[in-house]
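For reference, the structure discussed in these notes is given below.
The values are calculated or read from the model by the stated rules, or taken from the named source; none is laboratory data. This is a predicted model, so every value here is computed, not measured. Here Cβ is always computed from backbone atoms with ideal geometry, including for glycine, and neighbour counts include all displayed protein chains. These area figures cover heavy atoms from the full protein model, side chains too; ligands, DNA and RNA do not enter into them. Shrake-Rupley method; radii C 1.70, N 1.55, O 1.52, S 1.80 Å.
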Amino acid sequence: MSPVVNLPSCLALGALVFSIGIAGIMLNRKNLILLLMCIELMLLAVNINFIAISHFLGSIYEQIFVFFILTVAAAEAAIGLAILVVLFRAKHTINVQKLDDLKG
Amino acid sequence: MFLEPYSLLFIVFAALLVFAAVMVVCSRNPVTSALYLVYAFFNAAILWMLLYAEFLSLVLIFVYVGAVMTLFLFVVMMLNIDVAVLRQGFVRYLPLGVLVLALMAGIMIVAIRPLHYVTSNSVSLMQANNIHSIGIALFDRQMVYPFELAGVLLLAAILSAIMLTHRGRPSRKVQDINAQLAASKADRLTIVNIPSKAAPGEEPSV
């Protein structure tokens, strides 16, 4: 049994990466593509938590859940990037603050 | 303190993962961010491998590094982005971002202290190998329906992504209904004033 690799340290690693993702969303609030990347980072942190719990509590169903999260995240990335491309064609920018067409 | 190689590897790759995550947020160019995100996925895959999740570790590399991040890189390089405008406000919001990072990480790390749940210190060893147990769990009665739903979801994602970005060939011969309805008489009908010619054998009248 390793003194370092245990469930709290793995969950702490996941929490740290998740917080970096949230801080990235706050910092890069204008760049839509970096927002998508930060969302991917947060999903990765959640998956790290699931894998750690699966390993240390000895259940396989968390890994099934990670499998589904990966599927949904791949679909989200594909559609998000497609919307980004269409948006860039229409407005020639991906600045989030320029997206105020519905403001009237 | 002497650490055995397993713990040492875990610490090294966890530190590299955190470094790559910070660089995703802080790097100046979106292409660099995407490459650091690839690096973060690689480090996470190694950590998962250390936690005996071999199948998902390889899926992370194949699906994420192979497909999703390639898509990200394509899109970043295809768009002609003015990076300087998009980075405005980074320095201004930096203290707030660091504060949020410290608060959220601190609260979560305090919340997941081991006194809040029962930890089994024994590392579980799965009986079968990892892919075998995932296959057994995934294709039993409970999970096979969500699995097929995931397939339908991916199909919907494919169709919507293609429909959103496909523009069709420019030489395609189809009706453009809006253009047809917007056409007016002035676009189509031109009245040309042609002076009438005299018939042969007659004097011109004017």
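So the values come out like this:
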item	result
Meets criteria (open to solvent by less than 30 Å² (accessible area, probe 1.4 Å) and either part of a helix (DSSP H, G or I) or facing another protein chain (nearest Cβ under 7 Å) (or both)) for A:L43	no
Residue that is within 7 Å of chain A (Cβ to nearest Cβ), farther than 16 Å from A:L35 by Cβ and assigned to a helix (DSSP H, G or I), where the choices are B:L94, B:L99	B:L94
Count - residues of the stretch A:17-72 that are polar (S, T, N, Q) and more than 30 Å from B:V144 (Cα to Cα)	3
Yes/no for A:F68 being in contact with a Pro (Cβ under 9 Å, 6 or more places away or on another chain) and surrounded by fewer than 19 Cβ atoms within 10 Å (Cβ to Cβ)	yes
Residue within the stretch B:81-88 that is open to solvent by 40 Å² or more (accessible area, probe 1.4 Å), over 22 Å from B:V31 (Cβ atoms) and in the same structural domain as B:L9 (by TED's automatic domain parsing) present	no
Members of the stretch B:17-31 that are assigned to a helix (DSSP H, G or I) and open to solvent by less than 50 Å² (accessible area, probe 1.4 Å)	B:L17, B:V18, B:A20, B:A21, B:V24, B:V25, B:P30, B:V31
Selected residue (only one of A:A82, A:A73, A:A78 is hydrophobic (A, V, I, L, M, F, W, C) and more than 7 Å from chain B (Cβ to nearest Cβ))	A:A73
Restricting the stretch A:1-40 to residues that are of a type in the set (S, T, Y) and facing chain B (nearest Cβ under 7 Å), the residue that is farthest from B:A102 (Cα to Cα)	A:S2
Within the stretch A:87-104, considering residues that are farther than 20 Å from B:A161 by Cα and assigned to a helix (DSSP H, G or I), the one least open to solvent (accessible area, probe 1.4 Å)	A:V96
